[in-house]
C-alpha cells in the first residue's frame, strides 16, 4: 500500500471514533480469501507443485495460496523449484502464490513458515529446540503460524507451551486444520488447567504472543480450495504479494468457516491486528455475507472471556460499544450465522 493510501485509510478509519454509526468499515479494505498450509509431491502430498498452484487459482478460486511442504522431506533443488513456481504463478490483481515450509518437530510441534529465502529442518542441531527455531525465524524475518495445536503434545512440550519470549515473526495460530474445525482447535481446554477453560489460542495470547486468527487446509490431496469452505481472509488494499504479506505481518486477517463471509473489527479507529494504547475506547463490529446469510450472534472476547454479546437476526449487522482497556489486554470478535457458519477475528492488542 502506498503512503498516500495508508494516510487515506488512516483518516477514514479515524473518523469511526467520532462517527461510528452509519460508517461502512467493510468498504475500507478489500477482502482476499486464501489458504496458507498445503502440501505437494515435494513432501507427502499427491499433487505436483505446478498443478497445485493451478488448481488453487482456477478451481479453488482462491485469491492467495501457499505451498508449505515438510522441511525434512524437501531438498535445496525442490526449494528452488517451488520458489520459482510461486513467482511464475503470481499475477497482481488475480492471484498470489507463496512459497514456504512446515517445520515438523515430533515434540515441539509443527510451525508453518512463509516467505523466507531458505528453510530449516528440525534435525539440524540448532533447530532441534524450539528456542533455536524461534531464533532462526526471527533472523530470517519469516511469517509463521502455530500449526494444529495439541497434536504433538505427547511429551507435554508442544511449542514449549508458549513460555518462550514471543517474537513478532510468529503472526498467528491455526484455529482449524484440514476438515477439523473450531470445535477441535479453538473451543478446547488448551494445555493448562485451572485457567478458566482457555483454549490454545487464548493461552498463547495471555502469555504475550501477538497472534492472529488463522487456519490451515493442510491439504495433501489435489482439491485445494474445494475440500472445505474454511478460509483465511486478509484485509488488504490490493491483491499483490507485497500487500498480502504486509497484511499477514500486521495480523490484519481473520479466519472463517464460510468462504465469503466478510468481517470488520476496530477499536478507536484501529483495525484487527493493531496495537493501541490503554483507555476507554469505541469498539466497532460489522459483518456481511455475499450470499445474504443471516447472522445470529456477535461476541467480543477480552482476555479469553466473553465481555459483550449481541443476539441478532440480521444480514449486515453493525454494532458499537465502549470498553475500558488496560496494558496487556486484548480483544477479538466472534460472529456466528444461522446456518452454523462462524468467523473469528485477529485480536487488537493493548500496549503502552
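Structure notes:
- Among the residues of segment 311-352, those identified as surrounded by 14 or more Cβ atoms within 10 Å (Cβ to Cβ), over 15 Å from residue 301 (Cβ atoms) and within 21 Å of the chain's Cα centre (by Cα) are 337, 341.
- Candidates 282, 303: the one that is farther than 28 Å from residue 228 by Cα, within 23 Å of the chain's Cα centre (by Cα) and at pLDDT 95 or above is 303.
- Condition met for residue 304 (surrounded by fewer than 20 Cβ atoms within 10 Å (Cβ to Cβ), over 15 Å from residue 335 (Cα atoms), outside the structural domain of residue 171 (by TED's automatic domain parsing) and in contact (Cβ under 8 Å) with a residue 60 or more places away in the chain): yes
- Only one of 159, 145 that is closer than 14 Å to residue 106 by Cβ, surrounded by 21 or more Cβ atoms within 10 Å (Cβ to Cβ) and touching a residue at least 12 places away in the same chain (Cβ under 8 Å): 159
- Filter result for residue 169 (buried (at least 16 other Cβ atoms within 10 Å of the Cβ), over 19 Å from the mean Cα position of the chain (by Cα) and closer than 13 Å to residue 111 by Cα): no
- Residues of segment 92-127 satisfying the condition of being under 26 Å from residue 156 (Cα atoms) and assigned to a strand (DSSP E or B): 101, 102, 103, 104, 105, 109, 110, 111, 112, 113
- Scanning segment 18-45 for residues that are more than 21 Å from residue 83 (Cβ to Cβ) and either assigned to a loop (DSSP other than H, G, I, E, B) or modelled with pLDDT of 95 or more (or both) gives 19, 20, 21, 22, 23, 24, 28, 29, 30, 31, 32, 33.
- Residue check for residue 316: in contact with a helix residue (DSSP H, G or I) (Cβ under 9 Å, 6 or more places away or on another chain) and farther than 27 Å from residue 249 by Cα: yes
The values are calculated or read from the model by the stated rules, or taken from the named source; none is laboratory data. This is a predicted model, so every value here is computed, not measured. For neighbour counting, all protein chains shown are included, and Cβ atoms are generated from backbone atoms with ideal geometry for every residue, glycine included.
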